[in-house]
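We did not get these values from a lab; they are worked out from the coordinates using the rules stated. Small disclaimer: the values here were computed from a predicted structure and weren't measured. Heads up, the Cβs are rebuilt from the backbone with ideal geometry, glycines too, and the neighbour counts pull from every protein chain shown.
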Amino acid sequence: MSGFLWPPVTSASEPVSGKPPERVISLNLCTDQLLLLLADPSTIVGLSQLASDCANAPLCDMARHYPAIRTNAETILSLKPDLVVTGTSTLPVTLLAAKSVGTRLEMFGPADSLADIPASIRRMAKLLGVPERGEILVKAFDERLAHLSSPLFPDAPEAVIYAANGFVTGANSLPDDVLRHAGFRNLSTDTGRKWMQAMSLEKLISAQPDLLVLDRSGPGTSQAQALLDNRALERAFHGTRRLNVPTSLWLCGLPQTLDALEELAKARKMIQRGGK
């Protein structure tokens, strides 16, 4: 269950040992990416099977150089890593397995805003024994974020993030925060939707936001994504009023999330210039 923290998980502020971990595995897509960004390659024993899925993982090509492991207790018992990094929804039996072989296990919560990303980078870097590497990454992230961010004015253009099955993204989410930093108001929050909820095509088209952001989970066509290519939607939003953003850019809080911010910032400038 989400947020399950028993057995007790050691804090990243506690010393691991006299030396960095030599055998590390990740059981979660987002910790996969942080590990790939920061770890010495020789220390990565395995990544989750989602790490090589380019529809969701921005570092999928790098991930293919490492073993794809099953995210279960048997994996930990057989590999006996020094450190396991994962998300907060890890099954209790997996936590127990880590405890039974003396493995340090650290869980990372999802990023709900851009401000969460530097903290996750620093924490992972400290766990791996490479804090200076984390600081370099954070410095570059902060500088790029400051360069790309725009104030959110009351008369700012309005956008909506439309995902598979017609869901729109609400407040308290990383994509919503990216919208704000790009200088857009979020139609979903303006209409009182605090979380991801479905919105019919009719309501979306009648609302007429300035920008339709299509949150795509990868190439190809699926029944869940078919709504994103609806002809009525194409007629209502075209040219500069339509933007495709790969889900992989903001599914996890990563430096690559700023690529989505950059595209949205460009779209806002085009809209405000009256581009077609």
- Could you run the Karplus curve 6.51 cos²θ - 1.76 cosθ + 1.60 with θ = phi - 60° over the range 51-65 and give me ³J(HN,Hα) per residue in whole Hz, x for Gly and Pro? 4, 9, 8, 5, 5, 10, 10, x, 9, 4, 5, 5, 5, 5, 8
- Message: Report for the chain the percent antiparallel among DSSP-assigned beta bridges with both residues inside it, nearest 5.
- Response: 10
- Task: Pick out, in residue order, every one of the GluC sites (Glu not before Pro) in the range 137-216 that is DSSP loop and has at most 16 other C-beta atoms within 10 Å; say none if there are none.
- Result: none
- Amide hydrogen neighbours beyond the local backbone of GLN197, cut-off 5 Å, H modeled: VAL168, GLY170
- Query: Over all pairs of distinct alpha carbons, what does the Kirkwood formula give as the hydrodynamic radius of the chain, in Å?
  - Reply: 20.0
- Among rounded, prolate and oblate, which fits the range 231-273 when a ≥ b ≥ c are the square roots of the eigenvalues of its C-alpha gyration tensor, a/c under 1.5 means rounded, and a/b larger than b/c means prolate? oblate
- Item | ³J(HN,Hα), Karplus 6.51/-1.76/1.60, whole Hz, each residue of the range 153-167, x for Gly, Pro | 8, x, 9, 4, x, 9, 10, 9, 9, 10, 10, 3, 6, x, 7
- Message: Cut-off 10 angstrom, C-alpha nodes, Gaussian network model of the chain. Which of LEU83, LEU187, LEU227 fluctuates the most?
- Response: LEU227
- Item | Charge tally in the Cβ shell below 11 Å around ALA57, where Lys, Arg are +1 and Asp, Glu are -1, ALA57 excluded | -2
- Query: Give me the log10 of I(q) over I(0) for the range 23-112 at q = 0.14 Å⁻¹, as the Debye formula computes it from C-alpha points; what are the numbers?
  - Reply: -0.42
- Message: If you take every residue apart from THR94 with its C-beta less than 12 Å away from the C-beta of THR94, what net charge results, scoring Lys and Arg +1 and Asp and Glu -1?
- Response: +1
